Each structure stands twice: as structure tokens, then as C-alpha cells.
1. Filtering the stretch 332-346 down to residues that are closer than 18 Å to Gly317 by Cα, in contact (Cβ under 8 Å) with a residue 60 or more places away in the chain and of a type outside the set (Val, Ile, Thr), which residue is surrounded by the fewest Cβ atoms within 10 Å (Cβ to Cβ)?
2. If I ask for residues that are surrounded by 24 or more Cβ atoms within 10 Å (Cβ to Cβ) and within 21 Å of Gly198 (Cα to Cα), which ones from the stretch 81-96 would you list?
3. Considering the stretch 170-209 alone, what residues qualify as being closer than 30 Å to Phe388 by Cα and touching a helix residue (DSSP H, G or I) at 6+ places or on another chain (Cβ under 7 Å)?
4. Run Ala8 past the list (1) outside any loop (DSSP other than H, G, I, E, B); (2) surrounded by fewer than 24 Cβ atoms within 10 Å (Cβ to Cβ); (3) at pLDDT below 90 and report the number of the one that doesn't hold.
5. Return the total of residues in the stretch 155-192 being surrounded by fewer than 24 Cβ atoms within 10 Å (Cβ to Cβ) and of a type in the set (Ser, Thr, Tyr).
6. Going by the conditions given, is Tyr381 assigned to a helix (DSSP H, G or I), surrounded by fewer than 20 Cβ atoms within 10 Å (Cβ to Cβ), touching a helix residue (DSSP H, G or I) at 6+ places or on another chain (Cβ under 6 Å) and on the phi < 0 side of the Ramachandran plot?
7. Kindly establish whether Ile24 is modelled with pLDDT of 85 or more, in contact with a Phe, Trp or Tyr (Cβ under 8 Å, 6 or more places away or on another chain) and more than 25 Å from Leu137 (Cα to Cα).
8. Filter the stretch 229-248 down to the residues that are in a helix (DSSP H, G or I) and hydrophobic (A, V, I, L, M, F, W, C), then identify the one that is surrounded by the most Cβ atoms within 10 Å (Cβ to Cβ).
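The values are calculated or read from the model by the stated rules, or taken from the named source; none is laboratory data. Values in this document were obtained by computation on a predicted structure and should not be read as measured data. Cβ coordinates were reconstructed from backbone atoms using ideal geometry, including for glycine residues, and neighbour counts include every protein chain displayed.
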Amino acid sequence: MAGPAGGANPIAVIKETPMGTRQIAVVVLMVFLNALDGFDVLSSAFAGPGMMTEWGIDRTQLGVVLSAELVGMGFGSVILGGAADKYGRKATMLACLAVMAVGMWMAGHATYWQLMPGVPGTGWLTDIVLWRFITGLGIGGMLAATNAVVAEVTSSTGRSVSMAFYVIGYPVGGVIGGFAAQEWLLVVGTWHDVFIFGAVVTAAMIPLVIFLVPETPAFYAARRPAGALEKLNKSLKAFGKAPIDSLPEVEETGPKPKATDILANPRLRPITLMLAFGYAFHTFTFYYILKNAPTIVALAGFTPAEGASSLTYANIGGAIGGAIFGFFLKKFGIKGPTIIAALLGVAAVGYFGLGHESLWEWRIAALFTMFFSNAAIVGYYAAFALSFPAYARGSGTGFVLGVGRLGAAGSPVVAGWLFDNINGGVDNLLTVSLLMGIGSVLAAALLFFMPIRDADEDMEL
């Protein structure tokens, strides 16, 4: 893609000029939206001990509930990630927020019922599984769209740090939600109120997106809708950039590129598959702590609110680790630091699995697991933003996140089964933790062999 005579490439304008106030404001809002995603995903973990008590379900059954939104996120990332490339990042975000708000509200009013009363093995089928799945659809699409927005409104020099802050929004949402749950929602209310609180906050984000977020110039340049030049210049103006005279030329060597080319393209296919399965392996370990820490701590003799506090501190560690890691990426690149962070995360998961006597020991152990594991997540998201061209960025990111959610969705179910079937009781915590840590070891191995290239410049880093 080259700049037209008398004009400029709008993607290059954004990448090569200093970031203005509107760009920074959009990135900040994307951080808040990712924080909202973080709370919405972890809300079922905060509510888990209460559901076990009220409904009398075991840990394997709870694992199915905890996995429901992660399965939905996988489908949402693929299906709605494509929508972000077809209909626009902004329209997709608004649709996803509406879906998430409805899903959270209905989950807060869920009741326990059996598909076939009296038949063993059907007790886990509750309407909350359906509504958590629907919530996950919205979250998956939201993650793909917001990741694309951050990549497309930031300059080359500001992208790594912006992406790091975007990613740490996820654990920040867990921190805020954790304090809300342990100090208020689970104290004066019940687990139902965790979901209702999330629904209200989600709905409140809709007008902010409507009024603060322009569609990205990169989307208009790649999609070429009717009136594309006028719309593109309006977007550039919103970001404080000069207009262009005409759309950049696209070299036509065949059919117009489609998002599905990510797997047909011999240059994109290896990085796409290695990112997808590496991310899946890492999230298998990552969500072991995020989905199980409150229940593990509660079953060790603490209250549900105290169990929720362990997840709060895990997310504090994730926010700190992610923020620091962004500067490491800027200085040392993506691959090496991400491998190291993933392996240190495995060691921290093993330490968590040793078990602890005091609540503060549990909190510190959880903090260290997410400090390193979320740092590795930052590395993956930086690779997502770098590795896909604008025409397929939403779809490519969505595909990677969708496949990655296979690991995330499997994590609570596998962990629950291991807890119920290996040695029994809390004595198997270390064994389960070490087994669940294998995911990040495999992710580090894939990262070692992964080629990471700038999709715009086609330069290996």
C-alpha cells in the first residue's frame, strides 16, 4: 500500500506522528473496556463459592459453570472478530456491550435446575451456563475489536506501552471487582449481586463508546465502504490529523484480500497457528489460578469473601507485572521476555500449590502467579497487534483468541476433575498445580520457535 499523489497513507499518518489527546483518550477507554472484560470473566469465580453452597454442586460441576463464558469467548472471538473487520470496530464494540449487559443481568437472576431430574450427571445444567456462554460471546468479540483499536490508533513509538496498559486493564478490572465483591457485594448481598453489578457497569460503557470513539482510519482504508474518503478524513480530523486528498492505492494482484487469508497466506499461517496454540497452552495455566483461587482458598478454611480477596491480589500482581513488562518489550523485543515470564509463571503456580497457613500467604502466592503469567499475556497481545495487517487484524486476532480460549475453557473443567479424582481433598493441590502448569511450559516452547514479524513492514523482529 503506497500513499497517493498529493496525499498520505492514513495508517502511516497515525503510526509516524505523535499521539494526540483524542488518541490517548481512546486508548484509556480501551483499557477500561478491557477492565470490564476482566471483571465480567472473573465474576463467576467470585460467585463460585456461593454457588457451591446454595446449589450443593461439586467442583467438577462448578468447573463447567466457570468454563461457560470461556467457551463463549472462543466463539465470540472468531465470529465477532470477523464482524469487526466487516462492520467496523465501533459497531462491533457496541453490539458486544449490549450482549454482555444482557448476559450478566440474566446470570444474576439464574436458578438451579436439572435437565432430567433424578438422573445423575445432569445437575450442572442450569440457566447460568447459558447466560455465561452468551456473556462470553460478547467478551470474545470485544477483546478482538478493542485490541484492533489500540493497534490502529497508536503511533509506532507508543504502541508497545499502550498495548501493555491495555492488557493490564484486564487484571485491573479483577482488582476493582475483587474489592467490590469482598468488601461489599458478598458482604451485604449474595453471589447474584456480583453479576448484577457487572451488568450495570457494562451498560454504562455504551454511551462512552458512542461519543468518544471514532471508527479507525485503518478500517476505512482497508474496507473501502461507500464514502470512504470522507469518513476516513472525518476520523483523521477527530484524532487531530490532517486530511488526505485520496485513498491510498492498493496493488491489485488478484481478488480483494479476505480475512480468511490468514490461514491461506504462507507468511501469515505459521505465526497465526503458533500464536493460537501457544496462547491456548498459556491460558490453560493462566485460568487455573484466575478461576480456582477463590474456591481453593475458601475450602482451605476461609470465608467466600476472604477467598475472593486472593483473586484480588492475583490481579494486583497481574496489573503490576503487565505494566512493568511493557517497558521490557520496548527495550528487548517480544520473544525472549515473554518466554522468561511464562516459565517464571509456572514456578509461581508451583509455589501457590504448596498450600499456605495464613490468608496473607495465599494472597502473596496468588499475586506472584499473575505477576509473571499476565506479563506473558502482554507479550502475546503485543504479538497479535504486530502480526496481522489491517484488513485482517480483527479476524486474525479473533481467530487466535478463539483457539486460545480452548485452553482457557478447558482449564476449570480439567482442574475440577483433577481435584475430585486425584488423591482427594486438599492434599492434591500441589499435584494439580504442577499438572496445570504444563500449559505455560508448552507455550514457552512454541514461543522459542515462533517467527514474529511486523505485518505492515514485513520485517522480522
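1. Checking each candidate, the answer is Leu343.
2. Of the residues in the stretch 81-96, the ones surrounded by 24 or more Cβ atoms within 10 Å (Cβ to Cβ) are 81, 84-85, 89, 92-93, 96.
Scanning the stretch 81-96 gives Thr92, Met93, Cys96.
3. We begin by selecting, within the stretch 170-209, every residue closer than 30 Å to Phe388 by Cα; these are 170-174, 202, 205-209.
Tyr170, Pro171, Val172, Gly173, Gly174, Thr202, Met205, Ile206, Leu208, Val209, listed by residue number.
4. Of the numbered conditions (1) outside any loop (DSSP other than H, G, I, E, B); (2) surrounded by fewer than 24 Cβ atoms within 10 Å (Cβ to Cβ); (3) at pLDDT below 90, the odd one out for Ala8 is (1).
5. Final tally of qualifying residues: 5.
6. Working: assigned to a helix (DSSP H, G or I): yes; surrounded by fewer than 20 Cβ atoms within 10 Å (Cβ to Cβ): no; touching a helix residue (DSSP H, G or I) at 6+ places or on another chain (Cβ under 6 Å): yes; on the phi < 0 side of the Ramachandran plot: yes.
For Tyr381, the condition - assigned to a helix (DSSP H, G or I), surrounded by fewer than 20 Cβ atoms within 10 Å (Cβ to Cβ), touching a helix residue (DSSP H, G or I) at 6+ places or on another chain (Cβ under 6 Å) and on the phi < 0 side of the Ramachandran plot - is not met.
7. Numbers: modelled with pLDDT of 85 or more: yes; in contact with a Phe, Trp or Tyr (Cβ under 8 Å, 6 or more places away or on another chain): no; more than 25 Å from Leu137 (Cα to Cα): yes.
No.
8. So the first thing to find is which residues in the stretch 229-248 are in a helix (DSSP H, G or I), and the list is 229-238.
In the following step, the residues that additionally are hydrophobic (A, V, I, L, M, F, W, C) were identified as 229, 232, 236, 238.
Values: Leu229: 17, Leu232: 24, Leu236: 20, Ala238: 17.
Among those that are in a helix (DSSP H, G or I) and hydrophobic (A, V, I, L, M, F, W, C), it is Leu232.
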